[in-house]
Amino acid sequence: MPTIEDARKVLKQFWGYDSFLPLQAQAIEASLAGRDALIVLPTGGGKSVCYQVPALVRGAMTLVVSPLISLMKDQVDALRGIGITAAALNSSQSASQQEQTLAEWSAGKLRLLYVAPERLLTDRMIEQLHRNPPLQIAIDEAHCISSWGHDFRPEYRGLAKFREWFPDIPVAALTATATPDVRQDIAVQLQLRSPEILIGSFHRPNLIYHVQRRESGFNQICSVMDGYRNQSGIIYAISRAKVEQISNTLNQLGYRTLPYHAGLTELERIQNQEAFEHDEIEAIVATVAFGMGIDKSNVRYVIHFEMPRSIENYQQESGRAGRDRLTSECWLFYGTQDTLTWERVIQDSPEEVRQQAKQSLRIVQRYCHGMTCRHQFLVEYFDQTFEQMCQACDVCLGKSERTDGPLVVGQKNFVLCASLPFQVRCSSHYSSFGGKQGKKDPWVWPRQIEHLRIA
């Protein structure tokens with residue numbers, strides 16, 4: 001049986017590293033022993049090495065389930081760049097390309113094959129698996145299988161059938177963000193058998209967190225970018241229209257940016273992503289469609305121009321800064337309309353998903369309005385302890401926006417609300433509140449009432 005020393009030699013040969021990052025060695029040992037594993041390592045923790053190294057040590061193919069074409073491309077390009085035979089099967093490829101990949105698989109030439117969950121469960125893929133079974137299956141972004149998670153994808157639920165059809169193939173489930181409930185759900189849904197459970201630390205000491213109410217808009221973005229001219233950054237916004245607006249305005253102001261969202265063609269997304277990875281632009285302006293699995297170490301800042309959808313999303317997205325362990329900054333600018341915008345996005349989701357999403361939004365609001373250490377809030381959200389002053393966030397550095405006299409402020413807001421109609425019925429104008437014209441609407445507070453900060 002291959003040993004962890006064999007794995008270290010492979011790590012040195014292909015990646016140039018002398019030692020593993022925390023928990024990587026334990027994950028690899030579990031894989032070499034043919035055991036199931038649940039691996040939760042924060043962004044930058046080196047999850048992919050946990051299944052890539054065993055594939056090379058054992059000289060057999062690992063099947064990797066991946067949710068996004070861009071993620072597959074990034075991983076495959078990186079592996080080929082260091083001399084590892086890897087390929088992907090996805091809808092962006094021609095029929096001849098797919099046939100060539102399947103032929104390489106059958107001939108045993110591939111060490112890693114990336115595939116979307118929908119394609120993995122097709123009749124043809126199942127037939128291929130029976131003829132040429134992989135040594136292991138790795139399920140990347142495994143939180144997508146859980147309805148309790150921040151990025152639930154129903155197609156991931158079908159992966160439970162894989163264990164029934166191929167009970168002897170070990171499964172490794174990997175994710176960067178998972179609360180205890182989500183971790184339990186992943187293990188149940190995938191029918192993991194006595195898995196090795198490895199949970200890394202969610203504390204990123206090299207990141208400095210800032211949270212501000214969105215006031216000056218583009219001036220706040222420019223202020224951050226001016227501190228990192230000609231260095232890489234990511235700017236997140238909720239909608240495609242906002243992404244385009246931010247990118248165009250910044251370009252007019254002399255910055256070099258490109259947009260990234262699901263409304264672009266596949267070719268446009270690939271080109272913009274490559275321009276960002278090759279440092280041809282200063283920043284990529286993106287929706288949540290961007291970033292999953294992006295392996296760019298020198299991102300110096302991440303800006304959320306609007307409130308993120310969940311703490312899991314924020315941990316993952318902000319964590320794309322400083323993967324080289326150098327000091328980097330994470331800025332969150334929030335406004336009172338952000339929650340309404342997200343509620344419009346999720347309004348057509350199933351009831352269970354919608355209620356979970358609303359709960360997640362409330363927790364993000366507490367993060368924005370809170371006056372506790374940002375690092376402490378994030379670490380404890382994932383059920384880990386944090387008992388130190390970080391000196392790496394606006395609260396601990398004394399730079400946060402504090403509200404003096406919370407009781408007085410609350411009383412003033414109460415008087416303001418009491419002076420207005422208690423509730424406003426707006427059936428003929430519901431569209432202005434984010435609903436659909438003609439839809440039977442609920443009672444809603446008017447836009448003009450400022451969101452109350454809870455002290």
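The values are calculated or read from the model by the stated rules, or taken from the named source; none is laboratory data. What you are looking at is a predicted structure, and each value in this text was computed from that prediction instead of being measured. As a convention, Cβ positions derive from the backbone with ideal geometry for all residues, glycine included, and neighbour counts pool all protein chains shown.
Evaluation of residue 241 against the conditions (1) touching a helix residue (DSSP H, G or I) at 6+ places or on another chain (Cβ under 9 Å); (2) of a type in the set (Gly, Ala, Ser); (3) more than 19 Å from residue 276 (Cβ to Cβ) shows that the sole unmet condition is (1). Condition check for residue 295 on (1) closer than 29 Å to residue 359 by Cβ; (2) surrounded by fewer than 22 Cβ atoms within 10 Å (Cβ to Cβ); (3) in contact with a helix residue (DSSP H, G or I) (Cβ under 7 Å, 6 or more places away or on another chain): one failure, at (1).
Pairing residues of the stretch 96-121 that are over 17 Å from residue 52 (Cα atoms) and in contact (Cβ under 8 Å) with a residue 40 or more places away in the chain with residues that are basic (Lys, Arg) and surrounded by fewer than 17 Cβ atoms within 10 Å (Cβ to Cβ), at Cβ distances under 7 Å and at least 6 apart in sequence or on separate chains, gives 121/161.
Under the condition of being surrounded by 22 or more Cβ atoms within 10 Å (Cβ to Cβ) and either hydroxyl-bearing (Ser, Thr, Tyr) or farther than 16 Å from residue 171 by Cβ (or both), the residues counted in the stretch 58-69 number 2.
Table: residues versus (1) more than 21 Å from the chain's Cα centre (by Cα); (2) at pLDDT below 85; (3) not in a strand (DSSP E or B).
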position: 114; (1), (2), (3): no, no, no
position: 124; (1), (2), (3): yes, no, yes
position: 129; (1), (2), (3): yes, no, yes
position: 133; (1), (2), (3): yes, no, yes
position: 151; (1), (2), (3): no, yes, yes
position: 159; (1), (2), (3): no, no, yes
position: 163; (1), (2), (3): yes, yes, yes
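In the set (1) modelled with pLDDT under 90; (2) within 20 Å of residue 316 (Cα to Cα); (3) not basic (Lys, Arg), the condition left unmet by residue 376 is number (1).
Can you spot a residue in the stretch 350-368 that is farther than 28 Å from residue 139 by Cβ and in a loop (DSSP other than H, G, I, E, B)? No, every residue in the stretch 350-368 fails to be farther than 28 Å from residue 139 by Cβ and in a loop (DSSP other than H, G, I, E, B). Candidates are the residues of the stretch 1-24 that are aliphatic (A, V, I, L, M) and surrounded by 18 or more Cβ atoms within 10 Å (Cβ to Cβ); the one that is nearest to residue 54 (Cα to Cα) is 7.
Of all residues assigned to the stretch 40-54, none qualifies as being assigned to a loop (DSSP other than H, G, I, E, B) and at pLDDT 95 or above. For residue 78, state whether it is under 27 Å from the mean Cα position of the chain (by Cα), part of a helix (DSSP H, G or I) and small (Gly, Ala, Ser). Against the criterion (under 27 Å from the mean Cα position of the chain (by Cα), part of a helix (DSSP H, G or I) and small (Gly, Ala, Ser)), residue 78 qualifies.
Scanning the stretch 168-196 for residues that are surrounded by fewer than 16 Cβ atoms within 10 Å (Cβ to Cβ), touching a residue at least 12 places away in the same chain (Cβ under 8 Å) and not in a loop (DSSP other than H, G, I, E, B) yields 180, 181. Of the residues making up the stretch 107-121, those that are under 15 Å from residue 135 (Cβ atoms) and of a type in the set (Gly, Ala, Ser) number 1. For the stretch 280-292, name all the residues that are surrounded by fewer than 21 Cβ atoms within 10 Å (Cβ to Cβ) and at pLDDT below 95. Listed by number, the residues that qualify are 287, 288, 289.
So in the stretch 322-369, with the set limited to residues that are of a type in the set (S, T, N, Q) and under 20 Å from residue 207 (Cα atoms), which one is surrounded by the fewest Cβ atoms within 10 Å (Cβ to Cβ)? Here the answer is 327.
Of the numbered conditions (1) at pLDDT below 90; (2) within 30 Å of residue 325 (Cβ to Cβ); (3) among the hydrophobic types (A, V, I, L, M, F, W, C), residue 267 fails exactly one; give the number of that condition. Result: residue 267 passes all but (2). Counting only residues that are surrounded by fewer than 23 Cβ atoms within 10 Å (Cβ to Cβ) and within 17 Å of residue 79 (Cβ to Cβ), the stretch 111-135 holds 4 of them. Considering only the stretch 87-95, I want to know if a residue exists there that is surrounded by fewer than 20 Cβ atoms within 10 Å (Cβ to Cβ), among the aliphatic types (A, V, I, L, M), assigned to a helix (DSSP H, G or I) and under 20 Å from the mean Cα position of the chain (by Cα). Scanning the stretch 87-95, I find no residue that is surrounded by fewer than 20 Cβ atoms within 10 Å (Cβ to Cβ), among the aliphatic types (A, V, I, L, M), assigned to a helix (DSSP H, G or I) and under 20 Å from the mean Cα position of the chain (by Cα), so the answer is no. Residues of the stretch 66-76 include at least one that is under 21 Å from residue 154 (Cβ atoms) and either free of Cβ contacts under 8 Å to residues at least 24 places away in the same chain or touching a strand residue (DSSP E or B) at 6+ places or on another chain (Cβ under 6 Å) (or both).
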